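Enquirer: There's a structure below that I have some questions on.
The values are calculated or read from the model by the stated rules, or taken from the named source; none is laboratory data. What you are looking at is a predicted structure, and each value in this text was computed from that prediction instead of being measured. So basically every Cβ, Gly included, is an ideal-geometry build from the backbone, and we count neighbours across all protein chains shown. Quick note on the areas: whole protein, heavy atoms, side chains included, nothing else; ligands and nucleic acids left out. Shrake-Rupley method; radii C 1.70, N 1.55, O 1.52, S 1.80 Å.
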Amino acid sequence: MADIAQLHRRALDETRAVVAGVERDRWKAATPCEGWDVQDLLNHLVSGNLWAAELGAGATIADVGDRFDGDVLGNDTLVAYDASAKLAAAVFEAPGALEAPCAVSYGPVPGSVYAGHRFIDVLIHGWDLAVATGQDTTLDPELVVAAHEILRGEADMVRASGAFGEDIAVPTDAGAQTRLLAFVGRKG
């Protein structure tokens, strides 16, 4: 598998193309994420990147406080996404970042683990956003394989987190993207 920081950056870049294709008139469209419309999902992506930049640099949840609560999109969603993605990518690419502990809500974990979780979050939510806005939903095959490998290795934690839906049964001959999406409760 490629370096997790590079996989994360590639997922950010792939999702950026989808973010760039979101028209404002689609902001209230439903997404595959229960209870979230497109605007909510965009806000989640940007705030998640901002959180990653802070926690990946050694801050604690208490240090960040409520800075990223509410609207973090501002007047230009793409500018907000780009700025947050740049910070999130850089934090995991910094020397020693993948070995350093990150004080996330589920306990301190090495930066490599948190980078993996951010990679998966960005990749899957990029797909969610593409579905909701009628864009191409094809994911990079290498990113799909890497994400599925990480998720299978952490299946118990993934299920316990409640962050994803229940695994959906798919035919044995289903493609890699379909299997990944089914693993996280998406029909792809």
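Enquirer: When only residues in segment 34-67 that are in contact with a Ser or Thr (Cβ under 7 Å, 6 or more places away or on another chain) and surrounded by fewer than 18 Cβ atoms within 10 Å (Cβ to Cβ) count, which is farthest from Thr133 (Cα to Cα)?
Expert: Once the filter is applied, the top-ranked residue is Ile61.
Enquirer: Arg179 passes all but one of (1) open to solvent by 30 Å² or more (accessible area, probe 1.4 Å); (2) farther than 14 Å from Trp127 by Cβ; which number fails?
Expert: Status for Arg179: all satisfied but (2).
Enquirer: Here's a follow-up. Under the condition of being free of Cβ contacts under 8 Å to residues at least 40 places away in the same chain and either of a type in the set (Val, Ile, Thr) or in a loop (DSSP other than H, G, I, E, B) (or both), which residue from segment 4-33 is most open to solvent (accessible area, probe 1.4 Å)?
Expert: Taking the candidates together, the pick is Lys28.
Enquirer: Taking Leu123 as the residue in question, decide whether it is within 23 Å of Ala5 (Cα to Cα), assigned to a loop (DSSP other than H, G, I, E, B) and either in contact (Cβ under 8 Å) with a residue 12 or more places away in the chain or not polar (S, T, N, Q) (or both).
Expert: Against the criterion (within 23 Å of Ala5 (Cα to Cα), assigned to a loop (DSSP other than H, G, I, E, B) and either in contact (Cβ under 8 Å) with a residue 12 or more places away in the chain or not polar (S, T, N, Q) (or both)), Leu123 does not qualify.
Enquirer: Six or more apart or on different chains, Cβ under 9 Å: which pairs go from a residue in segment 90-103 that's in a loop (DSSP other than H, G, I, E, B) to one that's of a type in the set (Asp, Glu)? Could you list them?
Expert: Filtered contacts from segment 90-103: Leu98/Asp3.
Enquirer: If I filter segment 64-81 for residues that are assigned to a helix (DSSP H, G or I), out of contact with any Leu (no Cβ under 7 Å at 6 or more places or on another chain) and among the charged types (D, E, K, R), do I get at least one hit?
Expert: No, segment 64-81 contains no residue that is assigned to a helix (DSSP H, G or I), out of contact with any Leu (no Cβ under 7 Å at 6 or more places or on another chain) and among the charged types (D, E, K, R).
Enquirer: How about segment 135-158: which of its residues are under 23 Å from Gly35 (Cα atoms) and surrounded by 13 or more Cβ atoms within 10 Å (Cβ to Cβ)?
Expert: Of everything in segment 135-158, those that are under 23 Å from Gly35 (Cα atoms) and surrounded by 13 or more Cβ atoms within 10 Å (Cβ to Cβ) turn out to be Gln135, Thr137, Met157, Val158.
Enquirer: Still on this model: Given the conditions (1) open to solvent by 30 Å² or more (accessible area, probe 1.4 Å); (2) under 23 Å from Val22 (Cα atoms), report the number of the one that Ala132 does not fulfil.
Expert: Evaluating Ala132 over (1) open to solvent by 30 Å² or more (accessible area, probe 1.4 Å); (2) under 23 Å from Val22 (Cα atoms) leaves (1) as the failure.
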